[in-house]
1. Can you tell me which residue among LYS381, LYS335, LYS365 is of a type in the set (Lys, Arg) and closer than 21 Å to LYS218 by Cβ?
2. Quick check on ALA23: is it closer than 25 Å to ILE281 by Cβ, touching an Asp or Glu at 6+ places or on another chain (Cβ under 7 Å) and outside any strand (DSSP E or B)?
3. Consider region 214-271. How many of its residues are closer than 25 Å to GLU198 by Cβ, of a type outside the set (Val, Ile, Thr) and assigned to a strand (DSSP E or B)?
4. Identify all residues within region 103-144 that are among the hydrophobic types (A, V, I, L, M, F, W, C), touching a Ser or Thr at 6+ places or on another chain (Cβ under 9 Å) and in a helix (DSSP H, G or I); write none if there are none.
5. Please state which of the following conditions LYS186 fails to meet, knowing it meets all the rest: (1) of a type in the set (D, E, K, R); (2) in contact with a His (Cβ under 9 Å, 6 or more places away or on another chain); (3) not assigned by TED's automatic domain parsing to the domain that holds SER265.
6. List the residue pairs whose Cβ atoms are under 6 Å apart, where the first residue sits in region 400-429 and is assigned to a helix (DSSP H, G or I), the second is surrounded by 15 or more Cβ atoms within 10 Å (Cβ to Cβ) and among the basic types (Lys, Arg), and the two are 6 or more positions apart or on different chains.
7. I'd like to verify a number: residues in region 47-82 that are buried (at least 20 other Cβ atoms within 10 Å of the Cβ) and outside any helix (DSSP H, G or I), how many?
8. Mind listing just one residue for me: the one in region 201-213 that is in a strand (DSSP E or B) and over 23 Å from ASP81 (Cα atoms) and, of those, farthest from the chain's Cα centre (by Cα)?
Amino acid sequence: MNRFDVIVIGAGPAGTTAAYLLAKEGMRVVLVERGEAAGAKNVFGGVLWCASLNKIIPDFWEEAPLERAVVRKGIFFLTEDASFSLDFFLPSFGVSPYNGFTIIRQKFDPWYVEKAKKEGAIFVPMTLVENIIFEDKRAVGVRTERKDGDLFADVVIIADGANSLLAKRAGLRREYLPEELALGVKEVLELPPEVIEERFQLSAGQGAALEFVGWCTKGMQGGGFLYTNEKSLSLGIVVSLSALCKKGSPPYDLLNDFKSHPLISKYIKNAKPIEYAAHLIPETTPFIGRLFSDGLLLTGDAGGFVLNTGFNLEGANLAIASGAAAAQTVVEAKKKGDFSKEGLSVYLRFLEEWGVLSTLRRFQKAPESLRNPRLYKEYPKFLCSFFEKIYTVGKEKRGYLEIIKEELRKKIGWRNLIKDFISLRRAIG
């Protein structure tokens, strides 16, 4: 019988973190991954914020395969031919202790799995877990597609991504509603490092994480992104699945139009496309279902641990923190010999200690606030129109307050402005 202390399903940041920490505790851990290698099935192209991983592997940046330290963060409001930005630059983010790095998961994930393997975790790639094995309503193992491939353990950690079929089959989670999911489409575009640094006003090793709102999604809920890697750019859009279905816009058309915007086309000029991918992203909190039951834990995207406040996107760091919380939960349960639902309920306490639930709870109204269609239509038009008027030379000058009043009245309305401000205040306050 293939017997372990713990089975972890999914070798992303959450699953690998759990496997790494549990193996360090001397437990017999098997990490099962359906891809041919860790990261092979992943389409992430973004930023790993450092705090969580640095607690687990201090100064991990000295050995991990990272791209660029993010020192520039920008939010751009787009119309068809104009843009207004809030652009933040802080060079100290580019030195130790770093704030965040752009990463390519096909490089980062194998490195992280190797760390887990060195601690004793057994890595089993190219293996699809078809179902959870239950005895008396308690999870006791998993059924894989391999012949005689059943695996058994005291506890199973599900970390198989946002659209976790295993979590649904186990009854831990309902189906996501379309408005709770977004579809992300991404291209990786190759560019020489020196060109990236010149175009984004960076020094060697420095990186930028830019987000875009407005015309890039044709007014639908969502946005665009552009992240600098060492020798490439990660460019893409994320759009509400419900809005996409209603409008019927093919996501690759949106991406192609985004690439044609005057601002974006300047950044990606002569870049060579080397990869295209699409991915579902949860845009809600983990409270759509249960995070644990007898012998089972959900972590990472499978638990809904993703945050979008409109100002910042967080996923990989929350996955790592939740994976660490899952590992601590199993260690505690092992000491007590209790892997029941009650024994695993300390998971919530560890999620709080790692700042996962407290962060998501603080911003739990953000997804609702971000569904406001005016954020993606009227506000970008208002900002760009206002600055176009104050910067236009050759016409009779008017007071800035007069222009603001006129543009607000035309494009948004005072009542909507007050209502939107209150909604935003509740969402991010």
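1. Answer to the check: LYS381.
2. On the way: closer than 25 Å to ILE281 by Cβ: no; touching an Asp or Glu at 6+ places or on another chain (Cβ under 7 Å): yes; outside any strand (DSSP E or B): yes.
So ALA23 does not fit the description; no.
3. Of the residues in that region, 9 qualify.
4. VAL113, ALA116
5. Condition not satisfied by LYS186: (3).
6. ILE403/LYS389; LYS411/LYS381; ARG426/LYS365; ALA427/LYS365
7. From region 47-82, those buried (at least 20 other Cβ atoms within 10 Å of the Cβ) are 47-50, 52-53, 66-73, 76-78; that's our starting set.
Retained after the next criterion (residues that are outside any helix (DSSP H, G or I)): 47-50, 66-73, 76-78.
Residues in region 47-82 being buried (at least 20 other Cβ atoms within 10 Å of the Cβ) and outside any helix (DSSP H, G or I): 15 in total.
8. So the first thing to find is which residues in region 201-213 are in a strand (DSSP E or B), and the list is 206-213.
Cutting the leftovers down to over 23 Å from ASP81 (Cα atoms) gives us 206-207.
Details: GLN206: 21, GLY207: 18 Å.
Here the residue is GLN206.
The values are calculated or read from the model by the stated rules, or taken from the named source; none is laboratory data. All values derive from a computational prediction rather than experimental measurement. Neighbour counts run over all protein chains shown; Cβ positions are idealised from the backbone, glycine included.
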